[in-house]
Amino acid sequence: MIISCCYIYALLVNIWTTDKVYSQVTIDGVVGGSVLLPCASNTHEHNLQDIDVLWRHNASMNVFTILKGKGSVEHQEPKYRNKTEFFPDKFLKGIFSIQLNKLIHTDAGEYECYILHSGEYVKVWLLINGR
């Protein structure tokens, strides 16, 4: 547990010192539907052991984490459990998009995908429309 907490702290320090925003996207979703939140790296060489990616909602909620090239829900906010899908077969291609399912109004807001191994991040604005 201590190692995990220290590792997450080191990842967060790396986030705060990065300044490479390379993409900002607005996505529309509907209540009850699904939406793909895009995230891709401009770097073309990826080693699975080096891939660390953090998805956050409104700068604080942990939506999903990729550590050492593997999806992890260990520190995921409870509201995102059984709601997120990821695509590990795309990681070596530099694609770290996630899908949010069963959308509700409180899912709206800013999502950030921090690609730690390359120092990049993507901002995605999600707008939710009612049915």
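Just so you know, all these numbers are worked out from the coordinates, no wet-lab data involved. As the structure is a prediction and not an experimental result, all values here were calculated from the model. Please note: Cβ atoms are built from the backbone with ideal geometry, for glycine as well, and neighbour counts cover all protein chains shown.
See the values below:
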quantity: Relative contact order computed over region 56-131 (Cα-Cα under 8 Å; 6+ residues apart), in percent; calculated: 26
quantity: Footprinting exposure proxy for D52, D28 (fewest neighbouring C-beta atoms within 10 Å first); calculated: D28, D52
quantity: K79, K123 arranged by Cβ crowding within 10 Å, fewest neighbours leading; calculated: K79, K123
quantity: Surface/4 estimate of mean projected area, convex hull on alpha-carbon atoms of region 26-131, nm²; calculated: 6.0
quantity: Likely footprinting exposure, T43, T65, fewest C-beta neighbours within 10 Å first; calculated: T43, T65
quantity: By average C-beta atoms within 10 angstrom, highest first, the peptides 80-90, 109-119; calculated: 109-119, 80-90
